[in-house]
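This report concerns only the one structure given below.
Only the coordinates and a few stated rules stand behind these numbers; no lab work does. Note that the structure is predicted; figures quoted are calculated from it, not measured. Backbone-built Cβ (ideal geometry, glycine too); neighbour counts: all protein chains shown.
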Amino acid sequence: MKIGFEIHEQLETDRKLFCDCPTDYRDAPPNTNVCPVCTGMPGSKPAPPNRRAIESAMEVALMLDCEVVVDEPIYIQRKHYDYPDLPSGYQRTSLPIATDGELNGVGIREVHIEEDPGKYDPTHGTVDYNRSGIPLVEVITEPELHSAEESRDFLRSLRRALEYTEKVRPEPGTLRADTNISLEGGGRVEIKNINSVKGAYRALKYEIMRQKKAMESGEGVIRETRAYMESQMITVPMRTKEVAEDYRYIPDPDIFPIVIERSQVEEIRQSIFEAPHLRERRLVKEYGIDSSIARIMVSERKLADLFESVVQRVDPEFASHWFKDALKKVLNYMNMRAADIEFTPQQMVKLLKMIEDKDITPEQGELVLREMVKSPADPEKLVKKLGLEGLVEDELQRAIDEVIENNPKAIKDVRKGKEEALNFLAGQAMKLTEGRADPRKIIKLLRKRVAENK
Ligand SMILES: [Zn+2]
């Protein structure tokens with residue numbers, strides 16, 4: 001089984017790709033951010049391609065380990081097809097800006113830019129051209145994925161890598177992707193209309209089942225393009241696959257080809273963030289943490305940044321568990337992202353040191369962390385603010401008194417050297433303090449008291 005993807009994302013620019021119209025189309029009334037160029041008027045003259053868009057696409061390409069095409073003309077082509085959202089009758093799309101990349105062992109065939117079409121509403125028969133001409137980056141993978149599950153994981157990593165660049169603006173909760181799938185002995189089937197990672201997974205699941213059945217029954221699988229129907233979770237035939245000639249690609253005679261110089265690539269390479277999949281590998285190697293934890297750390301660039309500044313002064317293994325379990329839990333609970341964190345790395349270091357040095361219990365540490373996320377302050381001050389000092393100390397003494405008074409038999413057993421009895425007493429004390437006290441401390445206090453009261 002061979003599966004590949006074509007993924008489109010909008011690039012974060014102020015202006016459209018071939019004209020000066022603004023790109024903030026979401027809140028604008030229909031057909032207000034338009035001009036003759038992006039509505040495809042005959043005789044309109046497109047501007048040279050937006051530099052920012054080209055640079056952003058180069059960043060995406062470098063993030064995916066691609067080779068940028070340098071010192072040769074990259075033509076803008078016209079790709080002809082007929083649809084109401086495409087007023088000129090062709091979509092402008094560049095030749096590859098970069099090729100030969102890799103992400104999680106899957107080849108990236110090419111990265112190029114193109115213009116977004118308008119938005120057609122078939123129910124009302126209306127078209128809004130505000131989106132027409134917004135720059136898109138398209139990433140095409142090699143057909144090197146082998147299952148629906150693998151594809152789902154790959155799409156998640158790809159989105160994360162694109163987000164890391166901070167140069168794309170995915171429409172919230174959506175993904176614009178086409179996928180192609182072929183089983184051994186069957187034709188290549190392209191599936192369009194995929195709008196989410198989950199949608200891609202379901203479309204592939206359905207398609208694998210359909211193709212297997214068709215082959216088993218001797219009917220065979222023809223080469224075609226199908227559409228994914230989100231509501232029914234099935235794919236239906238769209239048209240027999242166009243071959244490239246059907247689009248009648250020609251270089252756009254109105255636009256000079258793009259030429260990228262090597263020095264430009266190097267400049268961008270210096271300025272970009274480390275790709276998340278590479279960073280994940282580095283975190284494992286550099287700090288000796290588990291790869292599953294490293295993956296969680298790089299899920300957000302800001303989380304990984306915070307982690308890396310904290311582990312300069314705290315044991316990485318210890319810190320990583322606190323990030324993975326406690327911090328992620330608090331953030332999820334408060335519906336926040338790491339980017340929303342306002343406390344400083346120094347405050348996190350201090351908190352972890354207090355826990356490591358047993359100044360406070362892990363349970364108290366979690367309470368302080370939660371408060372620190374809510375209203376950033378020095379963790380020592382937060383311990384006082386939350387009344388975690390003293391109170392627990394008193395409570396603990398009282399709990400121990402109570403346990404000793406109520407369990408004379410167990411105390412005798414401890415004196416006879418029965419360790420289980422000590423654990424039983426500690427368990428009772430834990431119950432009384434509702435799990436807020438440090439079990440090690442309880443054991444220590446109990447031993448002391450049992451020895452004293454002979
Ligand atoms: Zn325009």
Report ³J(HN,Hα) in whole Hz for each residue of the range 121-133, in order, from the Karplus equation J = 6.51 cos²θ - 1.76 cosθ + 1.60 where θ = phi - 60°; Gly and Pro get x. 10, x, 5, 9, x, 10, 10, 10, 8, 4, 7, 4, x
Extension length gain for Glu363 and Ala28 (0.36 nm per residue less Cα distance), in nm, is 115.6 nm
Among all the lysines, which ones have a C-alpha under 28 Å from Lys381's C-alpha, if same-chain residues fewer than 8 places away are not counted? Lys302, Lys324, Lys328, Lys329, Lys350, Lys353, Lys358, Lys431, Lys441, Lys444
At Met233 and Phe424, where each label point lies 7 Å from the Cα along Cα→Cβ, what is the point-to-point distance in nanometres? 5.2 nm
Over the chain, the sum of -39500 (n - 2.57) across DSSP H runs of at least four, divided by residue number and rounded to 500 deg cm²/dmol, gives at 222 nm -12500 deg cm²/dmol
Can you run phi through the Karplus equation (6.51, -1.76, 1.60; θ = phi - 60°) for the range 228-235 and list ³J(HN,Hα) in whole Hz, with x for Gly and Pro? 8, 9, 3, 5, 9, 6, 10, 10
Virtual spin-label span in nm between Tyr247 and Arg156, 7 Å along Cα→Cβ: 3.1 nm
Cα-based Rg and Dmax for the range 1-101, in Å, come out at 15.4, 48
Under 5 Å from the placed amide H of Ala227, counting only residues 5+ away or on other chains, we find Lys192, Val236, Met238
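Within the range 357-394, which trypsin sites (Lys or Arg not before Pro) sit in a loop by DSSP and count at most 15 neighbouring Cβ atoms inside 10 Å?
Values: sites: Lys358, Arg370, Lys374, Lys381, Lys384, Lys385; in loops: Lys358.
Answer in residue order: Lys358.
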For the chain, longest principal axis from Cα atoms; helix 262-271 axis from its Cα atoms; angle between them, nearest 10 degrees, is 30 degrees
Distance in nm between Arg169 and Phe256 label points, each 7 Å along Cα→Cβ, equals 2.8 nm
Full-stretch length increase - Glu72, Met336 - with 0.36 nm per residue and alpha-carbon distance subtracted: 90.5 nm
Could you give the angle, 0 to 90 degrees to the nearest 10, between helix 439-452's Cα long axis and the longest principal axis of the Cα atoms of the chain? 0 degrees
With a ≥ b ≥ c taken as the square roots of the eigenvalues of the C-alpha gyration tensor of the range 281-354, please select rounded if a/c is under 1.5 and otherwise prolate if a/b is larger than b/c or oblate if it is not? oblate
Can you give me the P(r) profile for the range 391-452? Cα pairs, bins 10 angstrom wide beginning at 0, each as a whole percent. 25, 61, 14, 0
For the chain, what is Rg from Cα atoms divided by 2.2 N^0.38 Å, rounded to two decimals? 1.33
Could you go through the range 135-142 in sequence order and give the Karplus-derived ³J(HN,Hα) for each residue, using 6.51 cos²θ - 1.76 cosθ + 1.60 with θ = phi - 60°, rounded to whole Hz, and x for Gly and Pro? x, 10, 10, 10, 10, 10, 9, 6
